[in-house]
Each structure stands twice: as structure tokens, then as C-alpha cells.
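**Q** Below: one structure in C-alpha cells.
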Amino acid sequence: MEQIRGREIGMIFQNPLDSLNPVYTTGRQVSEAIMLDRVDKREAWEKAIRLFQNVKMPDARERVNSYPHELSGGMRQRVMIAMMLSRNPRLLIADEPTTALDVTIEAQILEILRELKEKRNTSIMLITHNFGLVAEAADRIAVMYAGEVIETGDVYEIFEQPMHPYTRLLMQALPRKTKKEGRLQTIEGSVPRILDKKPGCRFANRCPYATKRCRCETPARIKVSETHAYCCFLADRQEVQT
């Protein structure tokens with residue numbers, strides 16, 4: 001698994017303070033990952049410093065000697081990104097990488113990820129509920145509900161023409177520019193348990209358009225275009241098209 005973890009796939013977890021070891025310096029933790037590729041200790045340490053500089057860590061040569069609790073949330077997230085990039089992964093999975101960060105630091109982390117994608121040719125899978133982050137960073141989107149992908153498309157298709165009822169309700173729940181545009185949309189009901197694998201559409205108990213068929217049969221995947229598809233029985237219904 002060491003040949004896959006870090007080298008093929010890297011992952012940035014939601015809370016870096018929980019992911020980093022509190023009793024080791026951040027530099028040691030990053031250099032340990034580098035030494036998995038048979039790099040000697042001194043060279044690994046220098047590479048850790050360079051990685052800290054690449055992710056725009058302030059005072060990189062000093063921060064490698066810092067413990068996780070001595071760093072801010074944005075700095076800890078930079079450490080996690082540096083650690084995941086230490087073995088040049090082909091795929092980087094970022095699970096809510098900007099949670100609990102203010103908007104300024106969020107923008108900086110987003111810019112780092114964008115540069116890494118362009119300079120290292122690394123694919124990035126961003127897992128988030130932040131639609132602003134999705135609109136800014138993503139090329140393609142997969143909307144998930146209760147553990148299942150219910151709609152896929154490029155970023156323009158999903159935002160301009162959402163087809164699945166759940167995606168449309170999510171879009172209506174986004175904050176408006178002014179209060180005059182009315183209250184935000186809410187989705188009634190509760191999410192089913194992931195382990196409850198029952199026949200039918202997972203969203204049927206909350207969908208305003210659900211029919212008996214939705215509760216008994218699993219909807220097939222419907223293609224809107226070469227890049228846009230969704231899973232719903234309302235393919236020909238006016239409610240979905242408008």
C-alpha cells in the first residue's frame with residue numbers, strides 16, 4: 001500500500017490538527033513521507049523545506065521545527081498539502097480543505113491547489129459542500145446524495161441547468177445577494193441511512209415530484225449531453241426542464 005499511498009494517491013483531510021502527530025515537528029512528519037522513497041535524512045529535510053516554500057509557508061525554515069499546535073489553521077493545512085505532495089501523487093483528494101478557515105486563507109489555499117494542478121499536472125478531487133469553492137475551482141462536478149452520485153456534468157452545466165430535483169433544490173438554497181429575493185429554499189425530511197439499501201430512488205422521501213414508481217424502482221442514468229447526465233424518472237416532466 002505504501003506504493004499507492006502518497007505516490008499514486010494523496011489525501012488532505014478535513015481537520016489537519018487531527019491528522020498531524022502532536023509530538024513530532026511538522027518538518028519531521030513531512031520528511032518521513034519523503035524517506036519512504038529511500039531518500040537520506042538530510043536530503044529529505046531539505047526537500048521538506050522546499051515543499052514548505054512551495055505551499056507559501058511563511059518563514060519555512062523556522063516552521064519545519066514547529067509542532068502542529070504552534071501553527072495556525074491555515075499553516076497546518078499548508079503542512080498537510082506539503083506532506084501529500086512530497087511523493088508527487090497523480091491524484092490528490094482534498095476533503096473539505098478550507099473548513100474552519102477564513103475567506104482570505106481559503107483563497108490562498110485554493111490558489112495553492114490551482115498552481116499545483118497546473119505545474120505538477122496533478123488531478124485534484126475536491127470534496128466539499130461549499131458551492132462557491134466548487135464554482136471557483138472545479139472543471140467537472142458530481143453531485144452526491146446518501147452515498148450515490150445522482151448528477152454529473154461540467155461546472156457550467158450543473159450551475160446553469162441543474163436537472164435532478166435534489167441539485168435544483170441545492171441551488172435554490174444558495175444565499176442570495178439581497179434579502180428582497182426571499183427566504184432560502186429548505187429541503188424537507190431527513191437523509192436516509194447509508195446502510196439502508198432499499199429499492200427506489202434514495203431521494204424519493206424528500207422529493208416534491210416523487211411518485212410510487214420512484215419508491216419502487218431505481219432510476220436509470222439519463223444523458224443530457226456528452227458530459228451531463230442525471231438519475232431521475234422525471235426526464236420528460238416540465239418541472240425539471242424549467
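**Q** How much of the accessible area of the chain, probe 1.4 Å, is carbon plus sulfur, in whole percent?
**A** 51 percent
**Q** Tell me, what is the FRET efficiency for Arg90 and Asn15 to the nearest 0.05, using R0 = 35 angstrom and their Cβ-Cβ distance as r?
**A** 0.90
**Q** Which value, in Å to one decimal place, does the Kirkwood hydrodynamic radius take for segment 1-140 when every pair of different Cα atoms is included?
**A** On the way: mean 1/r = 0.0666 Å⁻¹.
After inverting the pairwise mean of 1/r, the radius is 15.0 Å.
**Q** Right, here's the next one. When the chain is fully extended, how far beyond the present Cα-Cα distance does Lys198 get from Gln185, taking 0.36 nm per residue of separation? Spell out each step's value before the answer.
**A** Details: separation 13, 0.36 × 13 = 4.68 nm, distance 2.74 nm.
Value of the extension gain: 1.9 nm.
**Q** Which far-off residues, 5 or more places away or on another chain, put their amide H under 5 Å from the one on Gly10, with H placed in the peptide plane?
**A** Those qualifying (amide H under 5 Å, at least 5 residues apart or on another chain) are Leu91, Leu92, Ile93.
**Q** Here is a follow-up. What accessible area per residue, rounded to a whole number of Å², is obtained for segment 1-123 using a probe radius of 1.4 Å?
**A** Details: 6820 Å² over 123 residues.
On a per-residue basis, segment 1-123 sits at 55 Å².
**Q** I would also like to ask the following. In degrees, nearest 10, range 0 to 90: what is the angle between the Cα axis of helix 26-35 and the longest Cα principal axis of the chain?
**A** 90 degrees
**Q** Compute the convex hull volume of the Cα atoms of segment 92-224, divide it by the residue count, and report the result per residue in Å³ as a whole number.
**A** On the way: hull volume 19.6 nm³, N = 133.
It is 147 Å³ per residue.
**Q** On to the next question. Please compute the length gained on full extension between Asn65 and Asn205, using 0.36 nm multiplied by the number of residues separating them and subtracting their Cα-Cα distance. Can you show the working numbers first?
**A** Values: separation 140, 0.36 × 140 = 50.40 nm, distance 5.28 nm.
Roughly 45.1 nm would be gained on extension.
**Q** Sort all Cα-Cα distances of segment 1-77 into consecutive 10 angstrom bins from zero, then give the percent of pairs in each bin up to the one containing the longest distance.
**A** Over segment 1-77, the share of Cα pairs per 10 Å bin runs 19, 51, 29, 1 percent.
**Q** Sticking with this structure for a sec: Grab the Cα-Cα distance for Arg7 and Glu43, subtract it from 0.36 nm times how many residues apart they are, and report the gain in nm with one decimal. All intermediate terms of the calculation are to be shown ahead of the outcome.
**A** Working: separation 36, 0.36 × 36 = 12.96 nm, distance 1.80 nm.
Here the segment from Arg7 to Glu43 would lengthen by 11.2 nm.
**Q** Nearest 10 degrees is fine. How inclined is helix 103-120 to the longest principal axis of the chain, computing both from alpha carbons?
**A** Helix 103-120 sits roughly 80 degrees off the main axis of the chain.
**Q** Taking 20 °C and 1.002 mPa s as the conditions, I'd like the Stokes-Einstein D for the chain in µm²/s, using the Kirkwood hydrodynamic radius from alpha carbon pairs.
**A** Values: Rh = 20.3 Å.
Rounded to a whole number, D works out at 105 µm²/s.
**Q** May I pose another question? Considering only protein heavy atoms, what is the solvent-accessible area of His164 at a probe of 1.4 Å, reported in Å² to the nearest 10?
**A** Answer for His164: close to 0 Å² accessible.
**Q** Where the convex hull is taken over the Cα atoms of segment 60-112, what is its projected area averaged over directions, in nm²? Please list the in-between numbers first.
**A** Numbers: hull surface 16.8 nm².
The orientation-averaged projected area of the Cα hull of segment 60-112 comes to 4.2 nm².
**Q** Turning to a different aspect of this structure: Calculated from DSSP H runs of 4 or more alone, at -39500 (n - 2.57) each and per residue, what is the 222 nm mean residue ellipticity of the chain, nearest 500? Please report the intermediate quantities before stating the final value.
**A** Numbers: 11 runs with 93 residues, N = 242.
Helix contribution divided over all residues of the chain: -10500 deg cm²/dmol.
The values are calculated or read from the model by the stated rules, or taken from the named source; none is laboratory data. Bear in mind that the values here come from a model prediction, so they are computed numbers and not experimental data. Reconstructed Cβ throughout: ideal geometry from the backbone, glycine too, with neighbour counts over all protein chains shown. These accessible areas exclude ligands, DNA and RNA; they are computed on the full protein's heavy atoms, side chains included. Shrake-Rupley method; radii C 1.70, N 1.55, O 1.52, S 1.80 Å.
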